[in-house]
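To keep things clear, I will list the structure first and then write my remarks on it.
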Amino acid sequence: MWRDDAPTPGILLELERVSVSYGGIRALSDVSLVVPEGCVVALLGPNGAGKTTTLRVISGLARADGGWLRFGGRSIGRLVPHAISRLGIVHVPEGRGIFPSLNVAENLSMATYGGGTGNPDVVVDQAVALFPVLGARLGQQAGTLSGGEQQMLALARAFVARPRLLMLDEISMGLAPLVTAQLFDAIRRGAAAGISMLLVEQYVDAALELADYGYVLEKGRIVDMGEPADLRTSAALTAAYLGAGR
Amino acid sequence: MLPYIILGLFAGSIYALASLGIVLTYKTTGVFNFAYGGVAMFCAYVFWQLRDQWHLSQWLVIPILLVVVAPILGLILEAVFRPLATASAEVQIVVALGMLAFFINLVPIIFGGADHQLTSIFSQGHFHWGKHVVVTWNEAGTFLLTMAMAAGLYVLLRRTRLGTATRAVVDNRDLAELIGVNAGTVGQAAWIISTGFAALAGILLSTDEGLVTYVLPALVIYAFAPAVLGRLTSLPLAFVGAVALGLLQNILARYSTTGFPAKLEGSIPYLALFVLLVIYGRRLTEVRSSLRPLTGRASTGSPRWQFGGGLAAAVAAAIVLPQVLGVSIQHDVAEAMAYSVIALTLVVLTGWTGQISVAQMSFAGVGAFTAAHLAGTHGSLFPLAVVLGVAIAVPLSLLVGLPSLRLTGLFLALATLAFALLMDNLVFGSTSISGGLTGLNITAAKIGPLSLKTYTAQFYLCLFVLTIVGAGVFWLKRGPVGRRLQMVRDAPDAAATLGASLTLTKLAVFAAGAAVAAVGGSLLAVTQQTVDPSNFSFNQSLELLLVVVVGGRLLVAGALIAGGLYLVTLLPLPSVVDKYFPLLIAINVIFLANEPDGTLAVAIRQTRFCLAVLYRRPRPDVLLPVPSVLPPTGSRELSGQHG
Amino acid sequence: MVEPLLAATDVTVRFGGLVALDHVDLEVAPGGITGLIGPNGAGKTTLFNVITGLRQPNQGRVLLDGSDISRWPTQRRARAGVARTFQRLELFVGLSVRDNLLSAWEASVSGGVFGRSGAEGRARVGEVLSRLGLVSVADRRAGELPTGLGRMVELGRALCTRPRVLLLDEPSSGLDAAETARFRDLLLEVVGQDAGGPSVLLVEHDVRLVMEVCDQITVLDFGKRIASGPPEEIRDDPAVIAAYLGDQGVTDVA
Ligand SMILES: Nc1ncnc2c1ncn2[C@@H]1O[C@H](COP(=O)(O)OP(=O)(O)O)[C@@H](O)[C@H]1O
Ligand SMILES: Nc1ncnc2c1ncn2[C@@H]1O[C@H](COP(=O)(O)OP(=O)(O)O)[C@@H](O)[C@H]1O
Ligand SMILES: [Mg+2]
Ligand SMILES: [Mg+2]
């Protein structure tokens, strides 16, 4: 808190020794990581490692019981989720990040609720430009979309909200390869346009291909980190996933 | 038939207003507003005060109500319930019931207790529809107004930014917050709108039924059944259900206006509520699952010491009190002890197994009226009457409990509420059972040769029973039975997967509670000497719950404190005390529902804490909170790796 | 193949539109440890709930020792020997550790709630307390314990009922490396205990632990069973590697 006045140049998001518990059960211990401005950072690790929890604590859905979080030079450890969202962090959560009983256009217009700015119609047009499939379904209840379309909707809404930091949690989970490729394509274009991202992905290779840097979590701790090229050959990564190499 | 249908549409549309308001706050904030009837009544009295007393134009008064009074009330309610968002269902329910009592007791203080007639807000008179049908402007206006309000709510939810945000919060609260929707603001809006609906419902109901303190909240409870029909989440179903309920009631009224069918008419909403709860059963799930159950913090000390201490106190009381107390006070103390016996059943039921019952006085009433009927004329039959009371109360509790104990938290509380109101209407409301408004007399009860005529005899009897029941409950708590109750309360799923039957456990507690309450009721009958149905009504059950919460619902001592609080209302104290006492209880409940050890335990804890601070004996766990955000320790090697 | 002690056949569970379990089969052989793994949300806990009767499946049956227990209430299954622990601790927080275990024992025998055969129960509780190293905390309130000990209390509670099959839901989540190692040894000891020990169905994210202790592993992904077999086979199963590492992972890891 007392370093609010000394932002690190070029660093958008910083976590330092963050710990989180669920009802007394430790899910994250002393996690430190940074997302530099304009970079894509991948967060890898086996199931239950704490990736989702990391994103949840950043966006305020989970409370850190120790540690320190800073976004764009501001301490965000005590802010509520909607306040954090208004700083420009857009979090597409695990599972389906949509409102099933709202129609597609309403889902997209939710992107304008954060800052209170932005015109819903413009936002819808932008989203349709990004994923033309959505254009034909604007009046349809989002809950009746296919899984892939739902994720496209979630991703489209995230992009048109003009995030300073985009956090995606296993957006390709359970989708057919073709749809996954489409989503990744959109993510790639977003990255090229300079959106900073924190990416949680089960497809290690695809994630590392997109990322500028990666962290490996295991049992709530960071066990490895590095450039994609180094991580690909990292023993810690393979061991964390399949228990090999021990 | 047509006139009845018109009457039905009229009544149903008022219920619909209330149902919509109740469902709206429940689905957006997870709070079931038991106080809805209280709020409606309060607003109706404000309306009466402004229009009929201060003679303001009603076209000024209604906007004032909707734009000033309702929003303020709504925001107050929101502020009370927001901190409880993560509290257990039990706490939310208790606070909401406290709120209900608060409004019921506040209104007579502010507006005087008298009943009034309220003229319709629509013009007097009527018009003819077809040849034979007469429709009053009041009926037509009410119906149209309600339709307009419902349509307005529909447009608001479907066509506005706030509406989209509200539906988003209902769909997925976390995601809505992630997108920047302030779910708190959405909740405030829901409370404001809901309170506005309550205000209108209150005014419209009062023009029909008169402005009567105790009638209005009960009428609003009619709206609970339609709300449950929509599983508390569907606005359209709630609306349709409410109109259907109004129709059903009035069509039934066509066939009979006297006797049992007429009573049934007033009971249909409660019956419908109970039946719907039972039919839905486990399919009813609460929109926001509650967190961990409460645990008390009172230092219990050595149980053996407590047990001994309690017995010693009882003996001392037996010897000393009759010497020092005047006879009439002795009698009041006896009555309070009978009340404590009933309160003990709530300690076990609500405190130890986490089930909220607002029907304990109904079971007590069974005992009381059985005693009055049997022993009223033949005093020596009193022991038999007690046994018979228990023998009636237990099957009755099984009848209620078997279908409804599968329900949890809120829905179980609603089921007991429906049961209590049904008992009020159908059983205690029937002259042959209750002896009408004057009640029944029981003045010559005897146990064998021992006459219970004298106050001293009554005192000893009540003390004896209270000691036995209190000691028994205390003893059970220490053993396997206590462990079983704690299991079921702390972690019901785990208890079941270890082999404990939840249904049997809850049913046993419920039935035992009914039995003991019936015994307590027959004691009350003996001490009160006149058994009056209003002493065993839903309102009394509510009051009992509140004083037990204040006394401490986890502690045997809590039931004794509850008896003490009841004693306050019996003693000849200045009338200000009588006036404000129930209100204070309600306020106390609203603020301390989170403290299962009760007010006294909290006060002791606070005093100890203050003393500790004064004498500078810092308690580390209090004075050193763990900071949620620690200063960094400056390891920076990570950031260096990026260009 | 040996007759399975516990079997779930063709289990389907839906939550509204979401299919949490999709025609899943699972067998637990007598006397060993069976692993159940899969990503978060795969349906593992839901399957536990179906087996213990806390949730009625939309379709499918549960067999214990060949007899159909699908319609039995939870407590009857418990008394027939199905015990479990919970992913999020479900301790009796208001009771001491000893009373947590004692109440479990009382729940598992008929008449226990009336204090029948109390001495026998206390003996069993004492035995379990010392086996799990809980003696020193026996009189502390369960609600005050750290996670590691809390998990032990849940395990002890289940053991007090003398289960025939023991379902463990993420028992090492929240434990550190040393605690996990201790837990593994304990698990092997409990199961290895001659004829009396229970068979175990283990849900666990720690793949290392799973590979070490399990005889058989079933893998769920999105409510579907995608593989089942001994650890070596699972480790090399392309579908499993794909679920965990992504398609491209196959070439890199293998
Ligand atoms: N709501 C919850 N309650 C209890 N434990 C949880 C909850 N969510 C996650 N956990 C536990 O926290 C740990 C980290 O989970 P999570 O962050 O979801 O991992 P990941 O996203 O890497 O798969 C796991 O052990 C998981 O079981
Ligand atoms: N009570 C419930 N209501 C709705 N969905 C649920 C419920 N319980 C679990 N689910 C959903 O079912 C899926 C499987 O959950 P779960 O069995 O807890 O997975 P696992 O234990 O493998 O992590 C998840 O998508 C979860 O969100
Ligand atoms: Mg995750
Ligand atoms: Mg699980």
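The values are calculated or read from the model by the stated rules, or taken from the named source; none is laboratory data. Nothing here was measured: the structure is a model prediction, and the numbers come from that model. Glycine also receives a Cβ, built like all others from the backbone with ideal geometry; neighbour counts cover every protein chain displayed. SASA here: full protein model, heavy atoms, side chains in, ligands and nucleic acids out. Shrake-Rupley method; radii C 1.70, N 1.55, O 1.52, S 1.80 Å.
Look at region B:366-390: where a residue is without any contact (Cβ under 8 Å) to a residue 40 or more places away in the chain and a partner is polar (S, T, N, Q) and assigned to a helix (DSSP H, G or I), sitting 6+ places away or on another chain with Cβ atoms under 6 Å, you get B:L388/B:T370.
Checked against (1) away from every other protein chain (no Cβ under 14 Å); (2) surrounded by 16 or more Cβ atoms within 10 Å (Cβ to Cβ); (3) modelled with pLDDT under 90, B:D171 passes all but condition (1). The number of residues in region C:225-238 being within 11 Å of another protein chain (Cβ to nearest Cβ) and either touching a His at 6+ places or on another chain (Cβ under 8 Å) or part of a strand (DSSP E or B) (or both) comes to 0.
Can you find a residue that is among the hydroxyl-bearing types (S, T, Y), modelled with pLDDT of 95 or more, out of contact with any strand residue (DSSP E or B) (no Cβ under 6 Å at 6 or more places or on another chain) and in the same structural domain as B:Q117 (by TED's automatic domain parsing) anywhere in region B:183-199? Within region B:183-199, one or more residues are among the hydroxyl-bearing types (S, T, Y), modelled with pLDDT of 95 or more, out of contact with any strand residue (DSSP E or B) (no Cβ under 6 Å at 6 or more places or on another chain) and in the same structural domain as B:Q117 (by TED's automatic domain parsing).
If the condition is being within 8 Å of another protein chain (Cβ to nearest Cβ) and either in contact (Cβ under 8 Å) with a residue 60 or more places away in the chain or over 18 Å from A:N47 (Cβ atoms) (or both), then region A:170-206 contributes A:M173, A:P177, A:E201, A:V204.
Exactly one residue among B:T497, B:T530 is out of contact with any helix residue (DSSP H, G or I) (no Cβ under 6 Å at 6 or more places or on another chain) and either touching a residue at least 40 places away in the same chain (Cβ under 8 Å) or of a type outside the set (G, A, S) (or both), and that residue is B:T530.
Here C:R77 passes the criteria (1) in the same structural domain as C:R208 (by TED's automatic domain parsing); (2) surrounded by fewer than 21 Cβ atoms within 10 Å (Cβ to Cβ); (3) among the charged types (D, E, K, R) except the one numbered (2).
Quick grid of which residues meet (1) at the interface with another protein chain (Cβ under 8 Å from one of its Cβ atoms); (2) more than 20 Å from A:A191 (Cβ to Cβ); (3) part of a helix (DSSP H, G or I):
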residue: A:R17; (1), (2), (3): yes, yes, no
residue: A:V20; (1), (2), (3): no, yes, no
residue: A:G38; (1), (2), (3): no, no, no
residue: A:L43; (1), (2), (3): no, no, no
residue: A:G67; (1), (2), (3): yes, yes, no
residue: A:L79; (1), (2), (3): no, yes, no
residue: A:H82; (1), (2), (3): yes, yes, yes
residue: A:R96; (1), (2), (3): no, yes, no
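One residue alone among A:L28, A:L55, A:L44 is within 16 Å of ligand 3 (Cβ to nearest atom), open to solvent by less than 30 Å² (accessible area, probe 1.4 Å) and more than 26 Å from A:R86 (Cβ to Cβ), and that residue is A:L44. Any residue at all in region B:296-316 that's modelled with pLDDT under 80, charged (D, E, K, R) and closer than 20 Å to B:A89 by Cα? So far as region B:296-316 goes, yes, one or more of its residues are modelled with pLDDT under 80, charged (D, E, K, R) and closer than 20 Å to B:A89 by Cα. Considering region C:23-41, and only residues there that are within 13 Å of ligand 2 (Cβ to nearest atom) and not in a strand (DSSP E or B), the residue that is surrounded by the fewest Cβ atoms within 10 Å (Cβ to Cβ) turns out to be C:N40.
Take the conditions (1) part of a helix (DSSP H, G or I); (2) of a type in the set (A, V, I, L, M); (3) open to solvent by less than 20 Å² (accessible area, probe 1.4 Å); (4) touching a Pro at 6+ places or on another chain (Cβ under 9 Å); B:I192 misses just one of them, which is (3). For region C:180-191, the criterion of being away from chain A (no Cβ under 14 Å), within 16 Å of ligand 4 (Cβ to nearest atom) and within 19 Å of the chain's Cα centre (by Cα) is met by no residue.
Okay, residues lined up against (1) within 15 Å of B:M41 (Cβ to Cβ); (2) within 14 Å of another protein chain (Cβ to nearest Cβ):
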| position | (1), (2) |
| --- | --- |
| B:L106 | yes, no |
| B:F122 | no, no |
| B:V135 | no, no |
| B:A165 | no, yes |
| B:G180 | no, yes |
| B:L211 | yes, no |
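Taking (1) within 14 Å of chain C (Cβ to nearest Cβ); (2) in a loop (DSSP other than H, G, I, E, B); (3) in contact with a Leu (Cβ under 7 Å, 6 or more places away or on another chain) in turn, A:G60 satisfies each apart from (1). Considered as a group, the residues in region B:519-568 that are in a loop (DSSP other than H, G, I, E, B) and small (G, A, S) include one that is surrounded by the most Cβ atoms within 10 Å (Cβ to Cβ), and that residue is B:G552.
Taking the criterion of being away from ligand 1 (no atom under 16 Å from the Cβ) and among the basic types (K, R), the residues of region C:1-56 that qualify are C:R14, C:R55. Of the conditions (1) in contact (Cβ under 8 Å) with a residue 40 or more places away in the chain; (2) over 30 Å from B:W54 (Cβ atoms), B:Q117 fails just one. Which one is it? Here B:Q117 meets the rest and fails (2).
Yes or no, residue by residue, for (1) within 16 Å of ligand 1 (Cβ to nearest atom); (2) in contact (Cβ under 8 Å) with a residue 40 or more places away in the chain:
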site: A:P9; (1), (2): no, no
site: A:V18; (1), (2): yes, yes
site: A:P36; (1), (2): no, yes
site: A:C39; (1), (2): no, yes
site: A:G50; (1), (2): yes, yes
site: A:I58; (1), (2): yes, yes
site: A:L61; (1), (2): yes, no
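Among the residues making up region B:317-361, those that are assigned to a helix (DSSP H, G or I) and free of Cβ contacts under 8 Å to residues at least 60 places away in the same chain are B:I319, B:V320, B:Q323, B:V324. Does B:A496 meet the test of being under 18 Å from B:G354 (Cα atoms) and more than 28 Å from the chain's Cα centre (by Cα)? It is true that B:A496 is under 18 Å from B:G354 (Cα atoms) and more than 28 Å from the chain's Cα centre (by Cα).
Among the residues of region A:65-111, which ones are under 20 Å from A:V40 (Cα atoms) and either open to solvent by 20 Å² or more (accessible area, probe 1.4 Å) or without any contact (Cβ under 8 Å) to a residue 40 or more places away in the chain (or both)? Selection gives A:G72, A:I84, A:S85, A:L87, A:V90, A:P93, A:E94. In region A:98-121, is there at least one residue being of a type in the set (V, I, T), closer than 24 Å to A:G23 by Cα and not in a loop (DSSP other than H, G, I, E, B)? Scanning region A:98-121 turns up no residue that is of a type in the set (V, I, T), closer than 24 Å to A:G23 by Cα and not in a loop (DSSP other than H, G, I, E, B).
Can you say whether C:A80 is at the interface with chain B (Cβ under 8 Å from one of its Cβ atoms), within 22 Å of C:V203 (Cβ to Cβ) and under 18 Å from the mean Cα position of the chain (by Cα), as far as the supplied structure shows? When the stated conditions are applied, C:A80 does not pass them.
Residues checked against (1) among the hydroxyl-bearing types (S, T, Y); (2) within 16 Å of ligand 3 (Cβ to nearest atom); (3) more than 10 Å from chain B (Cβ to nearest Cβ):
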position: C:A42; (1), (2), (3): no, yes, yes
position: C:T45; (1), (2), (3): yes, yes, yes
position: C:W105; (1), (2), (3): no, no, no
position: C:G118; (1), (2), (3): no, no, no
